1. For chain A, set up a Gaussian network in which alpha carbons nearer than 10 Å are linked by springs, and say which option among A:Asn73, A:Asn125, A:Asn362 fluctuates the most.
2. Taking a quarter of the surface of the convex hull around the Cα atoms of region A:209-394, what do you get in nm²?
3. Calculate the dipole size of chain B relative to its Cα centre from +1 charges on Lys and Arg beta carbons and -1 charges on Asp and Glu beta carbons; express the result in debye to the nearest 20.
4. Based solely on its DSSP helices, what 222 nm [θ] is calculated for chain A when runs of n ≥ 4 H residues each add -39,500 (n - 2.57) and the sum is averaged over all residues, nearest 500 deg cm²/dmol?
5. Per-residue mean of other chain beta-carbon atoms within 10 angstrom of the beta-carbon, peptide B:182-191?
6. Given a Förster radius of 51 Å and the C-beta distance between B:Thr294 and A:Lys394 as r, what FRET efficiency does 1/(1 + (r/R0)^6) yield to the nearest 0.05?
7. For the pair B:Asp70 and B:Ser42, how long in nm is the line joining their label points, each one 7 Å along Cα→Cβ?
8. Within region B:203-217, name every residue whose backbone N is under 17 Å away from a label modeled 7 Å from Cα of B:Ser127 along the Cβ vector.
There are 2 protein chains.
Amino acid sequence: MVGLPARGKSFISQKIVRYLSWLSIRAKCFNVGNYRRLAGGSKPNAEFFAPDNIEGQRIREKAVQMAVEDMMNWFYEDDGVVAILDATNSTRQRRDWVLKLCRENAIEPMFLESWCDDQDLIFRNISEMKTTSPDYEGCDPDAATQVFYERIEKYVSVYQPLEEVLDKELTFVRLINVAEQVVINRIETYLESRIVFYVMNLHIKPRCIWLSRHGESVYNLEKKIGGDSHLSTRGMEYARKLPELVRESTGDANLTVWTSTLVRTGETAQFLPYKQLQWKALDELDAGVCDGMTYEEIEKEYPEDFKARDEDKYEYRYRGGESYRDVVIRLEPIIMELERQENILIITHQAVLRCIYAYFMNVPQQESPWVSIPLHTLIKLEPRAYGTKVSTVKADIPAVSTYKEKGTSKVGEPAHCTPAPTIC
Amino acid sequence: MVGLPARGKSFISQKIVRYLSWLSIRAKCFNVGNYRRLAGGSKPNAEFFAPDNIEGQRIREKAVQMAVEDMMNWFYEDDGVVAILDATNSTRQRRDWVLKLCRENAIEPMFLESWCDDQDLIFRNISEMKTTSPDYEGCDPDAATQVFYERIEKYVSVYQPLEEVLDKELTFVRLINVAEQVVINRIETYLESRIVFYVMNLHIKPRCIWLSRHGESVYNLEKKIGGDSHLSTRGMEYARKLPELVRESTGDANLTVWTSTLVRTGETAQFLPYKQLQWKALDELDAGVCDGMTYEEIEKEYPEDFKARDEDKYEYRYRGGESYRDVVIRLEPIIMELERQENILIITHQAVLRCIYAYFMNVPQQESPWVSIPLHTLIKLEPRAYGTKVSTVKADIPAVSTYKEKGTSKVGEPAHCTPAPTIC
């Protein structure tokens, strides 16, 4: 990363790590500020960051060394794929040092600069920072803001942005005021291009995402998986109740409804007075030869498959069907479009919602297929600068539970499920 | 489009139109050069393009007017979605005029500049131009080159590139030396972001793409569709022969092999001495409830579906399965990655190959599901500046035909198939 303090570097780093991890690409962020606090530079005053402060410089230098050392260990010992060195890297001299280090270790370097002259944006970042950064824990907020502005000034005097001509041999991306303008230079590999496309699509306008499963279906009642059945009587009741639930959660805000192409999500959305869009990519995980069967039937007819799925539910691919991993891959364009959009309500299926939820809530891959997402419940996600806030509203309409615990073919109220995390 | 002559504007325009059309987005290119020739400016000398040539300017002005008029008619009468005005649009004054026109007609304008100072690249474009442009038909090639350089000079004197500060209110993309550096400004809509990502991934290095179906499978012999069967004896023979066929076509060039996740493509690729990659997105069109059936069984069991599929094969979605349209959508990331890569050999399935072939060869949607792609045949695609060259090599190993003609459930040598176009 390259950029002055309060330019959203850590926000962008964390988003990238979350996105790549979700796609099963090992990614990790090394935040030099955290190492600086470890190295003895906690709760520093602004002077600490002055270019001529010898003690400050020594500690900051040590912090970078520690971060880089951990990063290298991670690459070699933990098979790391994408590491993010989250620091200001504000001078060409420092970047040359990073570059040399990468080249010596056969690491492909890409510089990602967040450049910002929108004062409102900077002010918002600082406000966020003073309440979340350990550097200002327990400080008076106004004093913290003042110290932070002074700290930024120390960097401004030496800061050298990436330049289209001077740095033309580097692989780099410059994000100007989030993604109002983007400059991309010498992007060469697949991963680089994925990351660039992802950051290009980020925005920081406040908005919410709502998630809901379809109402209870006839197949749910019959304990069958897959299929394309209609809603049950109680499922229809949920569909009729949904507009009210949504309105209570949104106020008067406008939104767009996304459904799958299956009958039960369309029926669930039918009374909502918003623009609607169908996505094939939101269809339920394809159970292949097991489509339309109950778990008991699957256990009897395909006992080995039944066991294999319990053992590694994320990787298990139904014969002629899909695994959770397959679903994540086909959901990638949905996630990309979700990042671009504002208010969206997604009405889809259990496995698909688990994958979408895992992206926003950073649920580890092995746990995501076991997260409990009950029927007749509206989930609200509020993306914030450093995570996502979750709240849920249960419609007061009974429904069966479709949760299947590990090691049994019974479905029912989960006793040992992975509870959906509500903060990340 | 914005750019001096010989900067690849028409190449980029045509690629975008082909890509969007393949994704079912109505797109069309309006090439002002073609209108200029109609308006009386055919076979012009360099002087014709001088900023102070009154007659030249009158004709060029008329050409733009004609192009824009046709473009507007196309938007309104043919439900056009993305029009490309392929012209130099070299001054800010001209671009302001286009901008005003768009705004008055509720059209979202995006400027795409191809800027190039790589003299080799320009020279290659000019060489291509003098052999393909109607302006130089029948001219001595050296003289044509000379005239073309002079013509470019006339534009250089007045050319105003897009600028990051001056034009910061516009939605624009600047491609610098193809996509070595890319500047993106105020990209706001989904379609804009798709187009930007697409052009970012284009390259013009010479390379080839080879396509092959898997060898004949056991299901092919049994006339069954779908499934995940092994190769037949003859199919295995094709797999053993494939390395030789490929080597004869590639010479010593290196390549990467892409297969689907199904057994028959892996078996076909097993003797190839190249790096291999499996893509779930390359799996055969999912026939849903009809998977594993013969066409005769489908006709008997699902007569209405059988008829509906024949009537609109592109749109027909198998119950619980996919349509050709669905396959195109899941192939989009494959096409994007193909554009980025160099030599690739794809071993996959009939329907999937029809879709990939349709992209490269600009086959209209309604025809693509009927294109004949026989077994045991290696297809070579060579992308050129203005189209794709195709050649095929048949392995001398017999195989059944899996081609099903319209209106029958019989498979066999096609009598009335859509022949695969071999030039586009």
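1. Result for chain A, Cα springs under 10 Å: A:Asn73 fluctuates most.
2. 10.1 nm²
3. 360 debye
4. Computed mean residue ellipticity for chain A: -13000 deg cm²/dmol.
5. That works out to 5 on average.
6. Efficiency, rounded to the nearest 0.05: 0.55.
7. The two pseudo-label positions are separated by 1.4 nm.
8. Backbone N within reach: B:204-207.
Each reported figure results from applying straightforward, stated rules to the coordinates on display, with no laboratory input. Keep in mind the model is a prediction, meaning the values are calculated, not measured. Glycine gets a Cβ as well: all are built from the backbone with ideal geometry, and neighbour counts include every protein chain shown.
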